[in-house]
1. Between the stretch 241-282 and the stretch 99-121, how many Å separate their Cα centres?
2. I need the phi-derived Karplus couplings for the stretch 156-163: 6.51 cos²θ - 1.76 cosθ + 1.60, θ = phi - 60°, integer Hz, Gly and Pro marked x.
3. Putting +1 on Lys and Arg Cβ atoms and -1 on Asp and Glu Cβ atoms, find which of A245, T120, G262 reaches farthest to the positive end of the dipole of the stretch 3-311.
4. Sort 268-281, 32-45 by packing, meaning the average of other beta carbons within 10 Å per residue, with the highest value first.
5. Explain nothing, just the number: relative contact order of the stretch 3-311, from Cα pairs under 8 Å at least 6 residues apart, as a whole percent.
6. Please identify every one of the GluC sites (Glu not before Pro) in the stretch 29-133 that sits in a loop by DSSP and has no more than 13 other beta carbons within 10 Å of its own beta carbon.
7. Just the number, please: percent antiparallel of the DSSP beta bridges in the stretch 3-311, rounded to the nearest 5.
Amino acid sequence: MKPLLVRVVGVLLVLGAIALALTRSPELEVEALVARWAMPPSDFIDLDGQLVHLRDEGPREDPLPIVFLHGTGASLHTWEGWAQGLRATRRVIRFDLPGFGLTGPRADADYHPQADARFTLALLDQLGVQRAALVGSSLGGEVAWRAALLAPARIERLVLVAPTGAAPDPAAGTPLPWTIARLPVVNRAVEWVLPRELVRASLDEAWGDPAGAPRELVDRHHDLLLRSGNRRALMQRLAQWQPGAQPELVGQVTQPTLIVWGGRDRLIPVVTAQWFDAQIADSRVHVFDELGHLPHEEDAARTLAPVAGFLGVKPPMPR
């Protein structure tokens, strides 16, 4: 092990021990979180023994429901703005992926995006949805395009908001969360420690506005990461993560695809939008120059317009 890495690991271990002693964050059972984060129209359904938190809104007769897939550390709440603009005329389905929000960890601890794609299709089976449009952000974007490859006849079109899965940039280096997830002791300490300030800093990094993410967003992420089992699931997911492991698969996507990006995205650079556009034959790109990694949440009303047009929906006028 290189001397610098040894020192870094040593510092992290010491800091982890101190943090564990001073800022231990106990887990919260799902029942303690329901009153705040699962009020109607939230529901829970059993999917092969996995209790899934979801919201299924809009007209049930819609032949092409819109299914939303959130990113790492997020939940179905990230789509509230877009759901509000679509559910009057379209069936809108959103749910917490395993290991996030109120759904809780998987029994088999398989957190590869391919497993999430299979999970998504199984949930659609449970809901009786034969064909859908998938909208995914970051990790959810990769889950969406992988589901489209697994069941091309069932996925009519895709909206990918800064998705993962692109060929890795050698100059980008190893993301810190990925490194932490592979450090013994430190990765286990994360299961007990979760300073709110760390969550805030992470969300500020995902925001385009220099003022940073709103407080209510930080509160929600912090609360839901404390859900029993979620922190261990996050470390397991990051340990299994192989960024850009199969970039050649992206070129096999045949569905019409809208690629949405924030020009100030510091997590996945906006140039990656052009890579996806070049790989997918029937695709187009829409960039919001002043927004960050979560454009759908940072400015829901404005970012919904091109998405609604692509999905064939005329959103209601802002109040």
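No value in this document is a laboratory result; all are computed from the given coordinates. Being a predicted model, the structure only gives us computed values, none of them experimental. Ideal geometry is used to build each Cβ from the backbone, glycine not excepted, and the neighbour counts take in all protein chains shown.
1. With the stretch 241-282 and the stretch 99-121 each reduced to a Cα centre, they are spaced 22 Å.
2. Result, ordered by residue: 7, 7, 10, 10, 10, 9, 6, x Hz.
3. Result: A245, furthest along the dipole toward the positive end.
4. 268-281, 32-45
5. After rounding, I find 20 percent.
6. E29, E61
7. In the stretch 3-311, DSSP labels about 30 percent of beta bridges as antiparallel.
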